[in-house]
1. May I ask you to derive the relative contact order of the chain, considering only C-alpha pairs under 8 Å and at least 6 residues apart, and to give it as an integer percent?
2. Provide Rg over Rh for region 38-356; use the alpha carbon set for both Rg and the Kirkwood Rh (inverse mean inverse pair distance).
3. Hey, with R₀ at 60 Å, roughly what FRET efficiency would N182 and N453 work out to, going by the Cβ-Cβ distance, to 0.05?
4. Work out the length of the dipole vector of region 89-182 about its Cα centre, built from +1 on the beta-carbon of each Lys and Arg and -1 on the beta-carbon of each Asp and Glu, and round it to the nearest 20 debye.
5. For each pair in K302/K382; K61/K302; K160/K328; K158/K200; K160/K197; K61/K354, compute the distance between the two Cα atoms and list the pairs where it is over 18 Å.
6. Antiparallel versus total DSSP beta bridges in the chain: what percent is that, nearest 5?
7. Projected onto the charge dipole of region 38-356 (+1 at Lys/Arg Cβ, -1 at Asp/Glu Cβ, origin at the Cα centre), which of P69, Y293, G156 gives the Cα projection farthest towards the positive end?
8. Taking the dipole about the Cα centre of region 178-290, with the C-beta of Lys and Arg at +1 and of Asp and Glu at -1, give me whichever of A248, P217, N281 is farthest to the positive side.
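The values are calculated or read from the model by the stated rules, or taken from the named source; none is laboratory data. Note that this is a predicted model, so its numbers are computed, not measured. Here Cβ is always computed from backbone atoms with ideal geometry, including for glycine, and neighbour counts include all displayed protein chains. Just the protein is used for accessible areas: all its heavy atoms, side chains included, with ligands, DNA and RNA removed. Shrake-Rupley method; radii C 1.70, N 1.55, O 1.52, S 1.80 Å.
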Amino acid sequence: MASSLSHPSIIIFLSRFLIILSLLSFAESQSFVGVNYGQVADNLPAPEATVRLLQSTTVGKLRLYAPDPAILKALGNSGVGIVIGAANGEIPGLASDPAAAAQWINANVLPYYPASNITLITVGNEVMTSGDGNLVSKLVPAMRNVQTALSSASLGGKIKVSTVHSMAVLSQSDPPSSGSFNPTLVNTLTQMLAFLKDNKTPFTINPYPYFAYQSDPRPETLAFCLFQPNAGRVDSGNGKLYTNMFDAQVDAVHSALSSLGYEEMEIVVAETGWPSGGDPNEVGPSVENARSYNGNLIAHLKSLVGTPLMPGKSVDTYIFALYDENLKPGPTSERSFGLFKPDLTMSYDVGLSKSSQQTPSTSPTAPVTPAPETASQWCVPKAGVADAQLQANLDYACGQGIDCGAIQAGGACFDPNTLASHAAFAMNLYFQKLGRNPWNCDFSQSATITSQNPSYNACIYPGGST
Ligand SMILES: *[C@@H]1O[C@H](CO)[C@@H](O)[C@H](O)[C@H]1NC(C)=O
């Protein structure tokens, strides 16, 4: 689990809305959404049941903290991309002896590959920020030995080797453009980044807006962390507008990589999530917040809007976690990160199930199924919503890459030129584009779904279907 990101001291409230005239192309598949399969539990389903569960969803990737033979075998011929981890305790052995690395590959990869679609081996978890200098010094040599062992087995390039970092590798992350690595880690990171670049391997990080909210538990920070309508934050370094914490954290990592000359390096989010339950004294856990965070995150990734510094693509993201883990120590929240309960029911619906998909997927692991015919629906403001909320909704929706041209001067929906009318149009467009899920028509509980078509004259409100 990761640490927090320090919160900004300045929040600029924008009075005018930002119009991004960009063509929004939807992902044809959600193969960039993965989940973490944490197994600190004594009540998890059988591996076959887990594989069936995954195949009923659009989740295309699974990250295992250790190479569990039963689940690796069960994932055979499923197409699911698999990340397997080598434990921190294995690093000294892997670093000191190339034969140990070859043995690790022999035992944990060769028996399963290629039927089981192993794509990445992560050597260690959050080692750089573990405070264990000995382990840190052995990390890159261990990664090199594992890479060499893969190459010897003719798997170089097919299976990559990386390691997973907490956000604490950054000493500065706010504003995102100022992101930089902790100077005491730069020496090791410089060697690691050269290795990753040579092997065309992504930099893998665990951003948790949840922890950022805990360190700054104000309502506006919660909205920013949950991808809900908010005033946004302008990066004082480059003037870019951030509408959510996830993008801010990912871009801070991008800036840190850029500062060391690795602007082109791909970033993978190995963990992010939000707990659906917690102790009474914990700030932030709830079913509503977890559903908002994960649901809106998935919609954000699916939109391919990208981040302000990396527009037009989505980072591969592994949500933490597949199941609640009943044996995790610590506060209740630690045992409550699961998208699913061990009885295979959803903790809450984030729109991952294949049958709830609005757009057919074309990925090989997700056969095309026709979207069910559903009645047209529109998202409109509730009666009596305050202007400030309408403005925030308008700013937010138009800042998420939808085309707000129709409500600009000259557009078919410019008249009546009122805040209520413009906000309604933008909120509905946002709802339609993000998948017409109930949580896409929330806007801090200021919106509602209707079956009455709000279109008028030449101003057409998209209604979704038929
Ligand atoms: C293996 O997983 C990766 C990542 O999800 C995917 O791109 C690739 O198509 C998968 N390969 C097979 C053979 O299914």
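1. Relative contact order comes out at 19 percent.
2. On the way: Rg = 19.3 Å, Rh = 20.3 Å.
With Rh from the inverse mean 1/r over Cα pairs, Rg/Rh is 0.95.
3. Details: r = 55 Å, r/R0 = 0.92.
Efficiency, rounded to the nearest 0.05: 0.65.
4. Details: 4 positive and 5 negative charges, 64 e Å.
Charge dipole, region 89-182, about its Cα centre: 300 debye, nearest 20.
5. Values: K302/K382 27 Å; K61/K302 15 Å; K160/K328 29 Å; K158/K200 11 Å; K160/K197 11 Å; K61/K354 15 Å.
Going by Cα-Cα distance, K302/K382; K160/K328 fall outside the 18 Å limit.
6. Details: 12 of 42 bridges.
If I count the DSSP bridges inside the chain, around 30 percent turn out antiparallel.
7. G156
8. Final value for the positive-end residue is A248.
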